[in-house]
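Inspection log for the structure reproduced underneath, given as structure tokens.
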């Protein structure tokens, strides 16, 4: 009996010791759990406030096309420079930074949220881009005819709701809501009509027919272009930038000012740095056009996507660095490789900027050689880009981003959490 009592005493002592050890640990755990829960709640509040900041910044940039244009020109706005703490939400406060970039036609919003106890700070960054034209060099509503061995479209796609005749071209990418024709061959690219498959085999990298998701043409602000041309007065050759009827000119205008022609521009043989708006037909003079002079044009970072069917051509002309190491990564093939975003190409264009044609477009056919355009073209009618004049059209995303439009078509390019402190002084 005495032995059993002794054993019970030992067990009791051990239990007391164990409780003495565990109790402080449990108390500390409960305290930490409470702190963690409070911290988590504060962090969640700060994150929600950062999201509210992004939303308020987005509402600012879609306020009007005028606001967007001012932002793209580098203007800043009170309340959107980390200069004001917004406190209307109960969870805490937030601040906003709104800037243009990082690329042309883009805007960056940074939102920082802080909980009401000022203990947790979270920040988010979003980049929006105005998708006026999504990497399209030539877009024509009534179809596109490409023929002639010496016409090339570089760095941007060719698109139309009607037929696109590529005449054996192996780049860029081609998009049509109708058929993709191939006048240089006995067979079209798509020989089975609307029935699938409606793209090149096996990867759909090159052409797409009966593609119904083509983006609509942008709503161009013709009134803004017209008023700008009128205000610009006369070009260097003494002809008005605004022409109320038909027009023909061989002037070199490197001023950046736009031409606005209400009628047709016939026998175009000018060199123009600036928008060219022709409400009728635009027809080029056969042979050489004057040029604006040689310049180093930046190869767009996404240009490589236009050459998946012509990869060696891309490597040879625009990104020779991809040849090291050998073999180079395939198109869309190596997530560990950064395609060149800094390569440049020496070009000598006749036109630099945005070209709109309200009628039909006809390029020069015969004689000479020229880098015809560094920019982008929208044609309301048909685009006859048949040429034996060694013409090249280079897509310029900056020209596309700067098209004056009556409405915005913003898409979120990126969204990410960033680490930064609460703005000083707030």
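The values are calculated or read from the model by the stated rules, or taken from the named source; none is laboratory data. Quantities reported herein were computed from a predicted structural model and do not represent experimental measurements. Because the Cβ atoms are built from the backbone with ideal geometry, glycine has one as well, and the counts that use them run over all protein chains shown.
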For the list (1) surrounded by 13 or more Cβ atoms within 10 Å (Cβ to Cβ); (2) without any contact (Cβ under 8 Å) to a residue 12 or more places away in the chain; (3) within 29 Å of residue 286 (Cβ to Cβ), I need the number of the one condition that residue 227 fails. (3)
When the range 283-297 is examined, which residues are found to be within 30 Å of the chain's Cα centre (by Cα) and surrounded by fewer than 16 Cβ atoms within 10 Å (Cβ to Cβ)? 293, 294, 296
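Results for (1) free of Cβ contacts under 8 Å to residues at least 12 places away in the same chain; (2) out of contact with any strand residue (DSSP E or B) (no Cβ under 7 Å at 6 or more places or on another chain), shown as yes or no for each residue.
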{"position": "174", "(1), (2)": "no, no"}
{"position": "177", "(1), (2)": "no, yes"}
{"position": "202", "(1), (2)": "yes, yes"}
{"position": "207", "(1), (2)": "no, no"}
{"position": "212", "(1), (2)": "no, yes"}
{"position": "215", "(1), (2)": "no, yes"}
Counting only strands (runs of 3 or more DSSP E) entirely within the range 109-171, those with at least 1 residues that are farther than 30 Å from residue 70 by Cβ and touching a strand residue (DSSP E or B) at 6+ places or on another chain (Cβ under 6 Å) are 136-140, 152-154, 157-160
Out of (1) at pLDDT 90 or above; (2) in a loop (DSSP other than H, G, I, E, B); (3) within 20 Å of residue 313 (Cβ to Cβ), what's the single condition that is false for residue 210? (3)
Working only within the range 390-426, note down all residues that are in a loop (DSSP other than H, G, I, E, B) and under 19 Å from the mean Cα position of the chain (by Cα). 396, 402, 403, 404, 406, 407, 408, 409
Yes or no: the range 249-272 includes at least one residue that is farther than 19 Å from residue 348 by Cα, free of Cβ contacts under 8 Å to residues at least 24 places away in the same chain and buried (at least 22 other Cβ atoms within 10 Å of the Cβ). yes
Please work out if residue 158 is within 28 Å of the chain's Cα centre (by Cα) and assigned by TED's automatic domain parsing to the domain that holds residue 67. no
Hey, among 194, 202, which residue is over 26 Å from the mean Cα position of the chain (by Cα) and either under 25 Å from residue 330 (Cα atoms) or not in a loop (DSSP other than H, G, I, E, B) (or both)? 202
Tally time: how many residues in the range 57-91 are over 13 Å from residue 107 (Cα atoms) and in contact with a strand residue (DSSP E or B) (Cβ under 6 Å, 6 or more places away or on another chain)? 4
Selection status of residue 67, in a strand (DSSP E or B), surrounded by fewer than 20 Cβ atoms within 10 Å (Cβ to Cβ) and under 22 Å from the mean Cα position of the chain (by Cα): no
Condition broken by residue 162, with the remaining ones in (1) more than 23 Å from residue 102 (Cβ to Cβ); (2) surrounded by fewer than 21 Cβ atoms within 10 Å (Cβ to Cβ); (3) at pLDDT below 90 satisfied: (3)
Subset of the range 72-98 (residues that are crowded, with 16+ Cβ neighbours inside 10 Å, at pLDDT 90 or above and under 25 Å from the mean Cα position of the chain (by Cα)): 77, 80, 96, 97, 98
